[in-house]
Amino acid sequence: ASEEDVIPLSQPVRTRSGEVVDSTAIKCGTEVGISVPGMNRSEAIWGPDAKISRPERWLEPDGVTRKAQEVKGYRHLPTFGDGPRACIGKLFAIAEIKVCVYPARCGAHRGIFDFCRRYFQQ
């Protein structure tokens, strides 16, 4: 952290001492990290099947939780990072997702998810 700050938590947590807190104080110079795999598989955000690769969830009316729907665009998802240190494969991966999801949403290719599963399992 470049300055002292108090970071709010998305939900209260109980500390080892038993105290329930909803924020944490960060001192200047403290290195702060996040668990990207943890966020991408969070059942609190994505629902009970968060750890399952099920791309058709994006096509189902109730396939994506309300909390996940609040996340808009790509910049808010830390999967690829952002700025000068962003993953060099970010745009390619987003293009791959669009190749699979867009045709399926439009009904252009009925077996697109089967194709994508076979392709990505190689």
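Nothing in this text is a laboratory measurement; each read-out follows from the coordinates by a stated rule. Since this is a predicted model, take the numbers as computed values, not measurements. Because the Cβ atoms are built from the backbone with ideal geometry, glycine has one as well, and the counts that use them run over all protein chains shown.
Quickly work out the Leu9-to-Thr30 label distance, labels modelled 7 Å from Cα along the C-beta direction, and quote it in nm with one decimal. Distance between label points: 1.2 nm. A simple spin-label model places pseudo-atoms 7 Å from Cα toward Cβ; at Val20 and Phe80 they are separated by 4.0 nm. Loop-located trypsin sites (Lys or Arg not before Pro) across region 1-31 with a Cβ neighbour count of 16 or fewer within 10 Å are Arg16, Lys27, with loop assigned by DSSP. Modelled spin labels at Ile97 and Ser42, positioned 7 Å past Cα toward Cβ, are 1.6 nm from each other.
For a Förster distance of 35 Å, can you work out the FRET efficiency between the beta-carbons of Trp58 and Ile88, rounded to the nearest 0.05? Kindly include the intermediate steps, with their values, before the conclusion.
On the way: r = 25 Å, r/R0 = 0.71.
Approximately 0.90, to the nearest 0.05.
Residues in region 51-62 carry Karplus couplings, in order, of 8, 9, 6, 9, x, 5, 4, 6, 9, 7, x, 10 Hz; the curve used is 6.51 cos²θ - 1.76 cosθ + 1.60 with θ = phi - 60°, and Gly or Pro positions show x.
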